[in-house]
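Working notes, beginning with the structure itself.
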Amino acid sequence: MKLMPVDVFGLKNKMKISIIIPTYNAERYITEAIDSVLSQTYKNIEIIVVDDGSTDNTENVLKIYIDQNKITYLKKENGGPASARNLGIRFATGDYTALLDADDTWRNDKLAKQIDFLIRNSLDLVFTDRFFIGAENMKDWVSDYKHSTVHLIRENYITTSSVLIKTEILKQHPFGEDKRLFAVEDFDLWLKLAFKKYKFVYLPEKLTGYRIHPNQISSAKNISNLIHLYKNNIKMTNNYIYKFLLFYMYLKIVQYKFRLKFR
């Protein structure tokens with residue numbers, strides 16, 4: 001019997017993508033993020049915005065999208081980006097989930113290129129290169145790497161807003177809501193998925209806009225959380241090379257924190 005080739009184009013357009021946008025006091029940026037989703041050439045989507053207890057005018061800014069049924073709006077008490085993403089994931093009905101922070105944006109062909117790349121290569125997760133918003137002459141690091149767990153342990157080069165992943169994976173492995181992982185919960189999840197040998201690959205196109213501004217959460221400001229991440233993940237893998245590298249990075253960050261204390 002002759003096997004027929006897989007109709008990738010037909011298959012991918014049947015795949016629904018849930019877009020999860022956590023937001024906290026991002027009224028200045030949130031509409032730009034949503035509009036970049038609505039302008040996607042790939043249309044089989046749902047948009048879930050999770051308001052993590054905003055105290056600004058976010059809800060009023062989103063009212064037009066809510067009234068026109070363009071988004072599903074969920075509001076919760078403030079608990080951090082991990083809990084906001086996890087709530088959105090629980091409501092997600094798509095085959096795949098794309099993550100987008102409220103201050104970031106996408107090129108209009110981002111989802112179309114990712115879903116095609118993911119299905120053609122039978123992957124679990126695809127992440128893209130990024131371009132910067134609000135900053136000039138910044139050198140990115142993603143293009144310098146081919147994805148490997150060894151490289152990932154050294155540095156989190158996966159931009160959360162660039163990720164497209166199978167929804168079932170996120171439902172099985174949600175973001176860690178431990179406060180000691182605040183601002184590094186994404187890095188923690190990528191490591192855990194890598195240790196479980198999920199297939200994820202870098203798509204080397206600048207399809208994700210990453211905004212640089214003074215109020216953004218940065219792991220550089222959460223050194224203690226990064227120390228906890230490395231220490232905790234040592235026991236999450238049976239690979240002795242990974243254990244050694246995690247311990248090395250743990251010591252390196254502890255040393256860095258010590259130097260900062262006595263500057």
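Throughout, read-outs are computed from the coordinates displayed, never taken from laboratory work. Because the structure is predicted, anything quoted here is derived from the model rather than measured. Every residue, glycine among them, receives a Cβ derived from its backbone with ideal geometry; neighbour counts consider all protein chains shown.
Between E155 and L38, the simple spin-label model (points 7 angstrom out along Cα→Cβ) gives 3.7 nm. A straight Cα-to-Cα reach below 27 Å connects K252 with the lysines K139, K146, K179, K192, K196, K197, K221, K231, K235, K243, K261, residues fewer than 8 places away in its own chain not being considered. Look at the dipole of the chain built from charges on Cβ: of N86, N233, I21, the Cα furthest out on the positive end belongs to N233. Take the chain, connect every pair of alpha-carbon atoms lying under 10 Å apart with a spring to form a Gaussian network, then pick out the residue of S162, S36, S18 with the largest mean-square fluctuation. In the Gaussian network model the winner is S36. With n ≥ 4 as the cut-off for DSSP H runs, can you work out [θ] at 222 nm for the chain, using -39500 (n - 2.57) per run divided by the number of residues, rounded to the nearest 500? Mean residue ellipticity, 222 nm, calculated: -12000 deg cm²/dmol. Counting only residues at least eight positions apart within a chain, or on another chain, the aspartates and glutamates with an alpha carbon under 12 Å from that of K63 are E27. Using a simple spin-label model with pseudo-atoms 7 Å out from Cα toward Cβ, K171 and I212 lie 4.0 nm apart.
About the centre of its Cα atoms, the chain shows a dipole size close to 1160 debye [charges on the beta carbon of Lys, Arg (+1) and Asp, Glu (-1) only; nearest 20 debye].
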